[in-house]
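The values are calculated or read from the model by the stated rules, or taken from the named source; none is laboratory data. Keep in mind the model is a prediction, meaning the values are calculated, not measured. Every residue, glycine among them, receives a Cβ derived from its backbone with ideal geometry; neighbour counts consider all protein chains shown. Quick note on the areas: whole protein, heavy atoms, side chains included, nothing else; ligands and nucleic acids left out. Shrake-Rupley method; radii C 1.70, N 1.55, O 1.52, S 1.80 Å.
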Amino acid sequence: GYRKQADAAMREDKRAEQQIAQAQADQVQAQMNLLAHQIAQATIVSPMSGYLTSGDLRKQLGAPVKTGDVMFEIAALQDLRAELAVPEDLITDVQEAYQRSEDANTQLTGWLATTARPDEHIEFTVERINPVAEMVKDSNVFKVRVQLRQTPSLYRPGMEGVGKIDIARKSYGYIWTRRMINWIRMKIWLWT
């Protein structure tokens, strides 16, 4: 519309009106170029390959988004880690074994089996023991972060399973009676 006004003003030899209409047409063109650039920049590209773990674009359609807002979370599968929840009555054994492995300059290892593939055992190494207990399903646990030695293609973030850490050899009698003995010690301590 502004270009038509500019052409009409030029035919009628009205230079001021022609320049105003041309400036307005240039302004609209600049706004269109800016919007085209913003649309081109709106393409979402992940810096890594992996699997989408959270975020749903269908829920965000039409919603305003600011720069820096988290829209999606992607988990890379090449360096997949696991988090073990070790009960508080067993964490001292894990900590002692971890300390022994650091003193001997070796790695504390173990095996992991997921609920989806219980027949497949994946070896791991312990990376870190969180020093603060967390409440999970009405019990205190310590989170132990482990690095998987290999990552099967079926494994995905969020899977659950069972992990076993190679701590030390103990007799079956000690293993079977340990919790009861600790419970009795606690009760005796409370009575005294």
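Residue by residue, here is whether (1) farther than 27 Å from ILE74 by Cα; (2) open to solvent by 60 Å² or more (accessible area, probe 1.4 Å); (3) assigned to a strand (DSSP E or B) holds:
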residue	(1), (2), (3)
MET135	no, yes, yes
ARG145	no, yes, yes
PRO152	no, no, no
ARG156	no, yes, no
MET159	no, yes, no
VAL162	no, yes, yes
ARG169	yes, yes, no
Legend entry - Selection within region 93-112 - over 15 Å from ARG169 (Cα atoms) and in contact with a helix residue (DSSP H, G or I) (Cβ under 7 Å, 6 or more places away or on another chain): GLN107
Legend entry - Total residues in region 52-92, condition over 14 Å from ASN130 (Cα atoms), open to solvent by 60 Å² or more (accessible area, probe 1.4 Å) and either touching a helix residue (DSSP H, G or I) at 6+ places or on another chain (Cβ under 6 Å) or among the polar types (S, T, N, Q) (or both): 3
Legend entry - Residue that is farthest from GLN147 (Cα to Cα), among those in region 105-121 that are open to solvent by 30 Å² or more (accessible area, probe 1.4 Å) and either assigned to a helix (DSSP H, G or I) or hydrophobic (A, V, I, L, M, F, W, C) (or both): ALA116
Inset, instruction - Please state which of the following conditions GLU83 fails to meet, knowing it meets all the rest: (1) in contact with a Lys or Arg (Cβ under 6 Å, 6 or more places away or on another chain); (2) within 30 Å of ARG178 (Cβ to Cβ); (3) free of Cβ contacts under 8 Å to residues at least 40 places away in the same chain. - result: (3)
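Output the number of residues of region 6-16 satisfying the condition of being open to solvent by less than 100 Å² (accessible area, probe 1.4 Å) and not in a loop (DSSP other than H, G, I, E, B). So that I can check it myself, show each step before the final result.
Step one: of region 6-16, the residues open to solvent by less than 100 Å² (accessible area, probe 1.4 Å) are 6-9, 14, 16.
Next, only the ones that are not in a loop (DSSP other than H, G, I, E, B) stay: 6-9, 16.
Qualifying residue count for the region: 5.
Could you list, in sequence order, the residues of region 28-41 that are surrounded by 11 or more Cβ atoms within 10 Å (Cβ to Cβ) and free of Cβ contacts under 8 Å to residues at least 12 places away in the same chain?
Looking only at region 28-41, we keep the residues that are surrounded by 11 or more Cβ atoms within 10 Å (Cβ to Cβ), and these are 28-29.
Passing the criteria: only GLN29.
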Legend entry - Every pair of residues 6+ apart whose Cβ atoms lie under 8 Å, when the first sits in region 176-192 and is open to solvent by 100 Å² or more (accessible area, probe 1.4 Å) and part of a helix (DSSP H, G or I) while the second is modelled with pLDDT under 90 and among the acidic types (Asp, Glu): ARG179/ASP89
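Residue by residue, here is whether (1) of a type outside the set (D, E, K, R); (2) at positive phi holds:
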| site | (1), (2) |
| --- | --- |
| ALA30 | yes, no |
| ILE39 | yes, no |
| GLY55 | yes, yes |
| GLU73 | no, no |
| ASP89 | no, no |
| ARG100 | no, no |
| ALA113 | yes, no |
